[in-house]
Amino acid sequence: MRRWAHLLPYALFLLFAFLRLYRLGANSLWFDEFCTFGYAKNPFDASESCLYYALIQLVRNFSGLSEFWLRLPSACFSIASVCLTYILGKRFF
């Protein structure tokens, strides 16, 4: 059991990533996602988060118009934040 104990955080991370990405584009867009789509048309006109909207515009230009691709950058950032939280927690605690 102890041999496999160090793999548990990685297994949980993969489980979280799978659950976060599973059926990401299945539901229709919510109001805030429509707003994000609108701001992404002119990302540097927005006073806040212009880099995020520029990233959304880049993804939209690369992949087209779908719920999955519009939600993918946010899902990737949330997966990365879980990984970073684990790394920081392991290092400082």
Exercise. In nm, to one decimal, how far is the Ile87 label point from the Ala26 one, both placed 7 Å along Cα→Cβ?
Worked result: 3.1 nm
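How much of the accessible area of the chain, in percent, comes from carbon and sulfur atoms when a 1.4 Å probe is used?
Details: 5110 of 7530 Å².
Carbon and sulfur: 68 percent of the exposed surface of the chain.
Using the heavy atoms of the protein chains and a 1.4 angstrom probe, tell me the accessible area per residue for the chain in square angstrom.
Working: 7530 Å² over 93 residues.
Accessible surface, normalised per residue, equals 81 Å².
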Exercise. Using the alpha-carbon atoms, what tilt in degrees (0 to 90, nearest 10) does helix 8-21 show relative to the longest principal axis of the chain?
Worked result: 20 degrees
For this session: Note down the net charge around Tyr53, summing +1 for each Lys or Arg and -1 for each Asp or Glu among other residues with Cβ under 12 Å from its Cβ.
Result: 0
Problem set entry | C-alpha long axis of helix 31-41 to longest principal axis of the chain, angle in ° | 70 degrees
Seminar exercise, completed: Over the chain, the sum of -39500 (n - 2.57) across DSSP H runs of at least four, divided by residue number and rounded to 500 deg cm²/dmol, gives at 222 nm -24000 deg cm²/dmol
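The values are calculated or read from the model by the stated rules, or taken from the named source; none is laboratory data. Treat the numbers as computed from the prediction; the structure is a model and nothing was measured. Note that we place each Cβ from the backbone using ideal geometry, even for glycine, and neighbour counts take in every protein chain shown. What goes into the accessible areas is simple: the full protein's heavy atoms, side chains included, and nothing from ligands, DNA or RNA. Shrake-Rupley method; radii C 1.70, N 1.55, O 1.52, S 1.80 Å.
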